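See below for the structure under consideration.
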Amino acid sequence: MNDIAAKLGMTGDQLEGLLAILVRNTVILIGVINVAAVMTLVERKVSAWMQYRHGPNRVGPWGLLQPLADGVKFIFKEVVIPYGANKPLYLLAPAMAAVPAMMTIAVIPFANDVVLFGKNWGPLAIADIDVGILYLLAIGSMSVYGVILAGWASNSKYSLLGGLRASAQMISYELSMILAILAVVALAGSINLKEIAALQASTGNPLDWFFFKQPLACFLLLVASFAETNRHPFDFAECEPELVAGFNTEYSAMKWAIFFIGEYSAMAVMSALSVVLFWGGWSVPFMPDAPWYLGFAAFLAKVSVYLFLFVWVRWTLPRFRFDQLMRIGWKVMLPLALLNLLATGAMLALFGPPGAP
Amino acid sequence: MQTFEYAPGLVPPRAKTTDGDDPLHGELLKLNMGPQHPATHGVLRIKVELDGETIVRIEPEVGYLHRGKEKTCESLGWRKFFVHTDRLDYVQPLMNNIGYALALEALGGVKVPERAQIIRVLLCEMSRIGSHLIYLATTGIDLGAITMFFFCFKQRETLYELLDAYTGHRMNNTYVRIGGVYADVDERVQDAIEAWIDQFPAAVDEFEKMLTGNRIWYDRNYRIGAITKEEALAWSLNGPNLRGAGVELDLRKAQPYSGYERYEFEVAVGTVGDCYDRYLVRVEEMRQSARIVKQALKLLKETKGAEFLAEDRRYVLPPKDLVRSSMEELIHQFKIVTDMALPKGCAYHGIESSKGELGFFVASDGTSTPLRCHIRAPGLMNVQAIPMVSMGRLFSDMVSLIGSLDFVMGEVDR
């Protein structure tokens with residue numbers, strides 16, 4: 001190892017660090033894309049289970065290879081660009097929708113410091129940056145541009161209405177979402193996601209999880225993440241019945257699939273964010289010194305519960321009207337989030353930060 | 001975003017089309033919904049003009065499924081048109097059969113045996129349940145409650161199987177004849193129907209658990225497209241849409257036919273006349289229909305073995321074994337199949353179909369083909385109400401409105 005490093009003009013430690021980053025980032029990115037693929041299967045299986053159906057069961061055992069078959073199908077389908085579409089924007093839009101979700105995954109700490117081959121490789125996250133939440137919110141909000149662009153560039157009236165609804169939707173939930181997160185930030189005194197998770201995991205007591213201190217904020221974030229990911233009951237941008245398929249009416253083949261990879265990745269990111277903020281991240285209940293792989297498993301389990309919740313809600317509830325979401329966003333969620341933040345601030349001023357003597 | 005409650009005489013302010021610089025009143029968006037749009041329930045075309053998302057002008061256009069059914073009747077003859085009535089409102093074919101048969105029986109003066117009437121009531125109410133299930137399923141999909149579709153279709157699938165067991169067809173049964181029905185109900189089929197109808201109220205409870213108290217469903221339906229009593233009457237709405245508006249008019253009670261006066265059931269009536277009322281009325285009608293089906297099954301047991309087809313050799317085919325052995329019966333069969341004629345005159349009979357008053361007007365000049373056959377399709381009246389209820393509302397509300405008015409284009413266009 002040291003010889004190769006010397007040839008490349010760096011020390012052995014540097015090379016090891018570089019390789020570690022490469023492996024870690026590859027694993028996480030491929031993992032997220034696979035989560036998106038698996039979620040398409042889970043969605044179909046769970047919905048089938050709720051609706052007296054079987055779901056995909058022909059490709060592979062229990063239909064497990066269905067996402068693969070779908071992927072092959074999407075790649076080989078013809079790409080149709082509608083007449084009069086703004087071609088560069090039309091091609092850019094799916095990427096604009098999917099890339100932010102992939103980028104935001106960078107700051108999610110999946111597990112505590114990884115100890116492997118007798119060495120501490122740092123936390124299992126692509127980037128452990130101090131402004132994690134800020135980065136996540138800033139990049140995450142970009143994904144709506146993809147939807148708006150898709151609506152605009154398709155040269156279809158239904159798509160345009162879908163895009164407009166997405167923009168109207170965004171301004172109405174994002175503020176309350178940020179205020180809900182802010183309450184946790186105030187509690188933790190940090191906007192570094194790893195530190196927030198570590199704070200909850202230090203004692204191993206599940207009551208330290210911020211959910212028990214901020215249940216309202218957790219619920220607000222949950223509602224907002226349905227809107228953020230364009231999921232039922234807030235999927236006005238798609239809204240099959242009146243807008244046919246909304247912003248992706250004119251999309252086909254892999255470009256259509258990329259929208260969905262974006263949607264499912266965004267679901268994974270929002271679930272992971274909720275877990276880190278409210279459910280202790282990698283904290284294993286009653287095991288403060290759990291090894292990193294147990295913590296990672298606990299994290300994945302918590303995220304799975306959230307992802308199942310997304311699917312469950314989608315196949316249970318009817319859809320809001322988009323002005324109703326705006327009403328809820330501005331008249332219910334925003335005041336609640338403000339009040340929650342105010343109460344949190346007051347409690348902090350009176351009793352000091354949690355954990356302080 | 002401004003929404004308007006519809007009031008007669010109130011026309012929502014139209015956006016200025018000329019002043020493109022005014023950001024609040026820009027150009028109107030002309031949208032052509034249909035005839036192949038997922039929310040229009042068939043081949044209905046709706047031309048909409050939107051100001052933002054508010055509907056400022058709306059014009060439904062019917063006729064994409066026009067097959068000339070009335071004219072077909074006038075050239076095919078009396079008996080052969082039964083097959084075509086199935087294709088009118090294709091979610092409840094037997095109800096159309098019965099409506100047409102009743103009109104012909106009124107014209108011909110045929111007396112229908114008691115057991116045939118009971119079977120007809122049974123079929124009518126099963127069709128009504130089937131049709132309302134379709135309403136609930138498709139409206140559920142329109143408003144995003146996709147699982148409702150499967151819940152309803154599980155019930156409807158059983159219903160289809162029962163109809164298959166009785167009539168030999170899942171859809172397009174053509175099982176009603178002048179003077180009765182084609183064949184008696186087998187006892188095993190009766191038992192199967194009973195088993196199904198016993199579990200049906202619990203299924204309706206489940207539908208209601210999913211939707212009635214659901215805040216989102218309530219918000220999407222409550223006070224959307226409210227129709228007053230006067231408007232409903234003026235627009236000649238009928239069926240659940242009329243009753244939802246608070247008018248207690250049910251032909252089963254108002255002018256009982258096929259012995260409906262013998263059955264115990266309530267007529268569900270709404271108060272506000274909005275989508276939510278229409279939804280509640282239909283859900284209640286499913287329960288009441290289940291009650292009637294139970295009573296009809298009881299009556300069927302009591303009249304076991306009675307005749308199910310009138311012995312009126314002017315219009316009713318003789319049994320096949322008699323045709324083979326008797327010359328007179330062979331002549332009857334030949335005359336009925338080739339040129340059965342109804343007496344000169346005209347008759348109208350309306351029945352309470354799941355969509356409203358389904359009426360058949362038939363006029364005869366004494367020959368084997370009708371002089372005129374007119375079908376009063378309840379769906380057409382309900383389509384007419386679309387502009388009234390959706391003017392000034394949001395585009396999203398249109399799907400709730402179209403769903404709740406509940407029409408089938410096969411019947412509207414005929």
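The values are calculated or read from the model by the stated rules, or taken from the named source; none is laboratory data. Quantities reported herein were computed from a predicted structural model and do not represent experimental measurements. Cβ atoms come from the backbone with ideal geometry, glycine included; neighbour counts cover every protein chain shown. Surface accessibility is based on the protein's heavy atoms, side chains included, excluding ligands, DNA and RNA. Shrake-Rupley method; radii C 1.70, N 1.55, O 1.52, S 1.80 Å.
Mean-square fluctuation check for chain B, GNM, Cα pairs under 10 Å: which of B:G244, B:G345, B:G379 is largest? Per the Cα network of chain B with a 10 Å cutoff, B:G345 tops the list.
Each chain gives up part of its surface: B and A jointly bury about 2700 Å² of accessible area, both sides summed, for a 1.4 Å probe.
Only lysines eight or more places from B:K69 in sequence, or on another chain, were considered; those with a Cα closer than 24 Å are B:K80, B:K344, B:K355.
Lysine pairs in chain A with alpha-carbon atoms under 20 Å apart, 8 or more places apart or on different chains: how many are there? Value for chain A: 12.
Our coupling estimate for the stretch A:50-59, obtained by passing each phi through the Karplus curve with A = 6.51, B = -1.76, C = 1.60 and θ = phi - 60°, is 6, 10, 6, 10, 9, x, x, 8, 9, 8 Hz, Gly and Pro reported as x.
With R₀ set to 56 Å, the beta-carbon distance separating A:F219 from B:K154 gives a calculated FRET efficiency near 0.95.
Placing +1 on the Cβ of every Lys and Arg and -1 on the Cβ of every Asp and Glu, with no other charges, gives the stretch A:71-351 a dipole of roughly 460 debye about its Cα centre.
The reciprocal of the average 1/r between distinct C-alpha atoms defines the Kirkwood hydrodynamic radius, which for the stretch A:1-50 equals 13.5 Å.
Each of B:M210, B:A310, B:T85 was scored by the projection of its Cα onto the charge dipole of chain B, and the greatest displacement toward the positive side belongs to B:A310; charges sit on the C-beta of Lys, Arg, Asp and Glu. Here's the picture: charge each Lys and Arg Cβ at +1 and each Asp and Glu Cβ at -1 in the protein assembly as shown, and of A:V99, A:L341, A:C218 the one pushed furthest to the positive end of that dipole is A:V99.
Of the chymotrypsin sites (Phe, Trp or Tyr not before Pro) found in the stretch A:96-193, those that fall in a DSSP loop while having at most 11 other beta-carbon atoms within 10 Å are A:F117. Note: the stretch A:299-349, Cα convex hull, 101 Å³ per residue. In this simple spin-label model, placing a label point 7 Å from the Cα along the Cα-to-Cβ direction at both A:L18 and A:T203 gives a separation of 4.5 nm. Across the protein assembly as shown, Cα-Cα distances exceeding 40 Å account for 47% of all pairs. For the stretch A:303-316, the Karplus equation 6.51 cos²θ - 1.76 cosθ + 1.60, evaluated at θ = phi - 60°, returns couplings of 4, 4, 4, 4, 4, 5, 4, 4, 5, 4, 4, 4, 8, 10 Hz by residue, with Gly and Pro reported as x. Taking all protein chains in place and a 1.4 Å probe, what share, in percent, of the accessible surface of the stretch A:71-351 do carbon and sulfur account for? Of all accessible area on the stretch A:71-351, carbon and sulfur atoms account for 75 percent. Quick one: among A:F247, A:F212, A:F259, which has the greatest mean-square fluctuation in a GNM of chain A with alpha-carbon springs under 10 angstrom? Maximum among the listed residues: A:F212.
Note on chain B: dipole from Cβ charges, positive end direction compared against B:M340, B:L300, B:F149; the farthest Cα belongs to B:M340.
Would you mind giving the mean number of other chain beta-carbons within 10 Å of the Cβ of each residue in A:323-329, as a whole number?
2
A cut-off of 5 Å between modelled amide H atoms, ignoring neighbours fewer than 5 places along the same chain, links B:G180 with B:A310. Once the 1.4 Å probe is applied to the protein heavy atoms, the stretch A:71-351 comes out at 40 Å² accessible per residue. Computed with a 1.4 Å probe over protein heavy atoms only, the accessible surface of the stretch B:181-321 comes to 45 Å² per residue.
Structure remark: mean-square fluctuation, Gaussian network model of chain B, C-alpha springs under 10 Å; the largest value among B:A165, B:A101, B:A245 belongs to B:A165.
Within the straight-line cut-off of under 17 Å between alpha carbons, the lysines reachable from B:K209 are B:K154, sequence neighbours fewer than 8 places apart in one chain being disregarded. Only helices enter this figure: runs of n ≥ 4 DSSP H residues, each worth -39500 (n - 2.57), summed and divided by the residues of chain A, yield -21000 deg cm²/dmol at 222 nm to the nearest 500. The value given for the stretch A:71-351 is a Kirkwood hydrodynamic radius of 19.7 Å, derived from the mean inverse Cα-Cα separation. A Förster radius of 41 Å combined with the Cβ-Cβ distance from B:T338 to B:E264 puts the calculated FRET efficiency at roughly 0.40. Projecting label points 7 angstrom from Cα along Cα→Cβ for B:E208 and A:W49 puts them 3.0 nm apart. Note on the stretch B:194-316: percent of Cα-Cα distances in each 5 Å bin, starting at 0 and stopping at the bin with the largest distance, equals 2, 10, 15, 16, 16, 14, 10, 7, 5, 3, 1, 0. Here the protein assembly as shown is assigned +1 on the Cβ of each Lys and Arg and -1 on the Cβ of each Asp and Glu. Its dipole about the Cα centre then comes out at about 960 debye.
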